[in-house]
Amino acid sequence: MITLLERKIAFRYLFSKKKDGFINIISTFSFLGITLGVAVLIVVMSVMNGFRSELINKINGFNPHLKVFSYENSIDLNKLKNKNIKALSDNFFLSNSGEAVIVHNSYTKGIILRGYLKDDFKKLNVISNDKFIGSKSISYNHISIGKELSFILNADIGDKISIISPSSIMSIAGNLPKQKSFIIDSIFESEINEFNQNIAFLNLNDLEDFFDFEKKNRYLEVFLKDPKDIEEKKKIFQKVFKDRLINSWADLNQSLFSALKVERNVMFIILSLIILIAAFNIISGLTILIKNKTKEIAILKTLGLSNRSIKKTFFLTGLTIGFFATISGIILGILISLNIEKLRIFLSTVFNLEIFPSDIYFLDKLPSEINTISILIVFIISLIISAIASYLPAMRISKMNTFRALRYE
């Protein structure tokens, strides 16, 4: 418990006289260092959280949240009537896929073909967005390609392209690659260039005929009402489809999100060092303050103030700097995070630089997501560092000799 006297002395030392101006300068640098360290940490964490969320939303807007694979037997669709399944999703599409080479004029490109039934195709998120061009129905001998792929092939809606399968067919001349022509019926835009370049859609029956797939090998794509807590929802599906392999969007993109998680954690540790370095100013400032106040400390001791009380006084002085600097840093960090896109546009305009290229980061604007738990963690860590930095110099008071301090006074 800190007494009123201890608080008064602590705040008295926070605002030293003119002769102790150097100590005020150190205290100011300590305050600014911790404030900026906390602010930068919050901004970086908010941007990385926002980037992760935006990337997840874009991936989940194009890919299914869960895939239920078949083995030797086709998937029993009656199991979708299970009440636990119906509570999680009402969007289920049968699909299949295969790899092929697409050819138009002198341009070729390896792609992944996905097949959907006619009625299911128009329900996909990427088809229902405003950037989709062409027919929202996928008919026989027709194909839907991505915007980037249309640029690569120099092809447009109505053009005829050829698809070559890696499997071969027997002919008089021997084994030849299987080839079939399709008419481009539509062009989609997924907002992720990798998908736009490498994926195309066919009618499911067309795809199965082209690759000689059997209908029993179709897999089930599941789009959940809420893709969060994917592992828990995957377990519910696994209980219903006990004999099937089920992959989630997290499984299929595990390496990407693991890399993002590691990068976020490393950035947190590195930026926390800014707060740690700023905390050394608290140690310096308190050490000099204790040295300058040796006579006053000795007088306080002779008046009956205990070592413990004096320690608490100087500890409170340093902790107060750390506390208010942390609060200021959190406010500054939140304000910057909320206006990060405006700040990016301003800096891009002033310095004529593209700070956040959309073709590299898959996003049109700099995302930011303020996470309460992250802010709380930053607040606690900053306070702990400030507390340790304040405690270390305060411990020196117990070694002070009162007699020597007053001997020459």
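The values are calculated or read from the model by the stated rules, or taken from the named source; none is laboratory data. Note that the structure is predicted; figures quoted are calculated from it, not measured. With ideal geometry, Cβ positions are generated from the backbone for all residues, glycine too; neighbour counts draw on all protein chains shown. With ligands, DNA and RNA removed, areas are computed over all heavy atoms of the protein, side chains included. Shrake-Rupley method; radii C 1.70, N 1.55, O 1.52, S 1.80 Å.
When only residues in the range 138-168 that are polar (S, T, N, Q) and in contact (Cβ under 8 Å) with a residue 24 or more places away in the chain count, which is nearest to Ser97 (Cα to Cα)? The residue in question is Ser165.
When you look at Leu36, is it open to solvent by less than 10 Å² (accessible area, probe 1.4 Å), at pLDDT 75 or above, at negative phi and more than 18 Å from the chain's Cα centre (by Cα), yes or no? It would help to see each step written out before you state the result.
Details: open to solvent by less than 10 Å² (accessible area, probe 1.4 Å): no; at pLDDT 75 or above: yes; at negative phi: yes; more than 18 Å from the chain's Cα centre (by Cα): yes.
It is false that Leu36 is open to solvent by less than 10 Å² (accessible area, probe 1.4 Å), at pLDDT 75 or above, at negative phi and more than 18 Å from the chain's Cα centre (by Cα).
Of a type in the set (Gly, Ala, Ser), open to solvent by 20 Å² or more (accessible area, probe 1.4 Å) and either modelled with pLDDT under 85 or not in a strand (DSSP E or B) (or both), is that true of Ser27? Judged against the criteria, Ser27 is a match.
Quick grid of which residues meet (1) open to solvent by 60 Å² or more (accessible area, probe 1.4 Å); (2) farther than 15 Å from Arg218 by Cβ:
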position: Asp76; (1), (2): yes, no
position: Ser106; (1), (2): yes, yes
position: Asn125; (1), (2): yes, yes
position: His142; (1), (2): no, yes
position: Ser150; (1), (2): no, yes
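Of the residues making up the range 269-278, those that are in contact (Cβ under 8 Å) with a residue 24 or more places away in the chain and open to solvent by 40 Å² or more (accessible area, probe 1.4 Å) number 3. Per the conditions (1) at pLDDT 70 or above; (2) open to solvent by 70 Å² or more (accessible area, probe 1.4 Å); (3) of a type in the set (Lys, Arg), the sole criterion not satisfied by Arg244 is (2). Between Glu409, Glu369, Glu354, which is outside any helix (DSSP H, G or I) and either aromatic (Phe, Trp, Tyr) or modelled with pLDDT of 75 or more (or both)? Going through Glu409, Glu369, Glu354 in turn, just one is outside any helix (DSSP H, G or I) and either aromatic (Phe, Trp, Tyr) or modelled with pLDDT of 75 or more (or both): Glu369. Among the residues of the range 254-266, those identified as touching a helix residue (DSSP H, G or I) at 6+ places or on another chain (Cβ under 9 Å) and open to solvent by 30 Å² or more (accessible area, probe 1.4 Å) are Leu256, Lys261, Glu263, Arg264. The set of residues in the range 112-171 that are under 34 Å from the mean Cα position of the chain (by Cα), among the hydroxyl-bearing types (Ser, Thr, Tyr) and modelled with pLDDT under 85 contains only Ser128.
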